[in-house]
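A.B. asks: Handing you this structure, nothing more for now.
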Amino acid sequence: MTTLGAVFRPQLAPERLRSVARAADDSGLEELWLWEDCFLEGGISTGAAALAWTERVRVGIGLLPVPLRNVAVTAMEAASLHRMFPGRPILGVGHGVQDWMGQVGARAESPVTLLREYLIALRALLGGERVTTEGRYVRLRDVALDWPPDGPVEVLAGATGPRTVRLTGEAADGTVLTAETPPEGVRRARRLIEEGRTAAGRAGTSHKVVVYLLAATGSGACERLRAELTAEGAAAGADLGVAGDAAAVAAAVRRLAEAGADSVILQPTADEPDPEGFVRFVAGEVRPLVP
């Protein structure tokens, strides 16, 4: 069955998170995803708050930009969330937007090398291993978590370019694809992921693919969707986003699932007028139409 979720976009003030998270929990939404976009809201702090304010919804953090965070700190924070809220956090990491990384003096000369080293070290630390490594970017000496997660946890990685998508197959447990990924893009990503998994000797193991889908419903939905796609520089006629009622949105979700998405996370437009209503719409109206 395709997992369905929604995004709490950081264009909303942090104090709005509580009501949206509770609406997600109360409505039966499966996953609520948060972003650590510069310079809006922190992923770990908002993730912890959303988990504490809810009882059952899973909370995804997608993505934590690795140039900003020492891998040991990320491992400590992720392990704490997994121990306090077993089975509910979902951790995603990525390159970060390179212009933003440059603004804070954290831009890496080789983002792919950094992400590879980071994923290997992070998964080892969360797996309870004691790690010593001297990489180009990640350097640890005899580091182990005193409080690792009680069991295996997934580490997902965001990707757009082919080298990074292939890397997620090599070194991550899942891949997060942006809302600029049409169904054919999901199929291409699946092929690249499999290439990476085969090269790393991981063929046959599970690998989750999460895809964001820009969606708008209600009054002015088509106009809001069109304006956001234009602002993002989407090519005219690109098979991106969906506007309309639950049937239209569910059909777009199914197209992504048929292309290889395991989870489709509906991303409201930045000017969505009713974020609480949006998560209730996803859970109550779209979910019953998605197998």
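A.B. asks: Identify all residues within segment 187-218 that are over 19 Å from the mean Cα position of the chain (by Cα) and either farther than 29 Å from Glu170 by Cβ or β-branched (Val, Ile, Thr) (or both); write none if there are none.
C.D. replies: Within segment 187-218, Thr198, Thr205, Ala216, Thr217, Gly218 meet the criteria.
A.B. asks: Follow-up question, since we're still on this one. Scanning for something closer than 24 Å to Ala21 by Cβ and among the charged types (D, E, K, R), does segment 236-256 turn up at least one residue?
C.D. replies: no
A.B. asks: Within segment 65-85, does at least one residue satisfy the condition of being under 26 Å from Gly127 (Cβ atoms), modelled with pLDDT under 95 and under 14 Å from the mean Cα position of the chain (by Cα)?
C.D. replies: Checked segment 65-85: no residue is under 26 Å from Gly127 (Cβ atoms), modelled with pLDDT under 95 and under 14 Å from the mean Cα position of the chain (by Cα).
A.B. asks: In addition: Here are Leu140, Leu145, Leu156, Leu119: which of them is touching a residue at least 40 places away in the same chain (Cβ under 8 Å), aliphatic (A, V, I, L, M), buried (at least 23 other Cβ atoms within 10 Å of the Cβ) and out of contact with any Asp or Glu (no Cβ under 8 Å at 6 or more places or on another chain)?
C.D. replies: Leu119
A.B. asks: Give segment 1-25 a look and list any residue that's of a type in the set (D, E, K, R) and without any contact (Cβ under 8 Å) to a residue 40 or more places away in the chain, or say none. Walk me through how you get there before you give the answer.
C.D. replies: Applying the first criterion (of a type in the set (D, E, K, R)) to segment 1-25 yields 9, 15-16, 18, 22, 25.
Glu15, Arg18, Arg22, Asp25, listed by residue number.
A.B. asks: Here's something else I'd like to know. Can you tell me which residue within segment 200-218, out of those that are touching a residue at least 40 places away in the same chain (Cβ under 8 Å) and not in a strand (DSSP E or B), is surrounded by the fewest Cβ atoms within 10 Å (Cβ to Cβ)? First the steps, then the outcome.
C.D. replies: At the first step, the residues of segment 200-218 found to be touching a residue at least 40 places away in the same chain (Cβ under 8 Å) are 208-218.
When the remaining residues are screened for being not in a strand (DSSP E or B), the result is 217-218.
Working: Thr217: 25, Gly218: 15.
Out of the qualifying residues, it is Gly218.
A.B. asks: Which members of segment 219-238 meet the condition of being without any contact (Cβ under 8 Å) to a residue 40 or more places away in the chain, within 30 Å of Thr168 (Cα to Cα) and buried (at least 19 other Cβ atoms within 10 Å of the Cβ)?
C.D. replies: Leu229, the sole residue that qualifies.
A.B. asks: Given the conditions (1) under 23 Å from Met1 (Cβ atoms); (2) small (Gly, Ala, Ser); (3) crowded, with 21+ Cβ neighbours inside 10 Å, which single one is not true for Gly241?
C.D. replies: Single failed check for Gly241: (1).
A.B. asks: Could you list, in sequence order, the residues of segment 83-109 that are polar (S, T, N, Q) and either in contact with an Asp or Glu (Cβ under 9 Å, 6 or more places away or on another chain) or closer than 10 Å to Pro67 by Cα (or both)?
C.D. replies: Answer for segment 83-109, where residues must be polar (S, T, N, Q) and either in contact with an Asp or Glu (Cβ under 9 Å, 6 or more places away or on another chain) or closer than 10 Å to Pro67 by Cα (or both): just Gln98.
A.B. asks: Please find, within segment 258-271, the residue that is farthest from Leu12 (Cα to Cα) out of those that are buried (at least 22 other Cβ atoms within 10 Å of the Cβ) and not hydroxyl-bearing (Ser, Thr, Tyr).
C.D. replies: From segment 258-271, those buried (at least 22 other Cβ atoms within 10 Å of the Cβ) are 261, 263-269; that's our starting set.
Filter once more, so that each one left must be not hydroxyl-bearing (Ser, Thr, Tyr): 261, 264-268.
Values: Ala261: 27, Val264: 21, Ile265: 17, Leu266: 16, Gln267: 13, Pro268: 11 Å.
Looking at the filtered set, the residue picked out is Ala261.
The values are calculated or read from the model by the stated rules, or taken from the named source; none is laboratory data. Every value quoted in this text rests on a predicted model; they were computed, and no experiment measured them. FYI the Cβ positions are ideal-geometry reconstructions off the backbone, even for glycines, and counts take in every protein chain you see.
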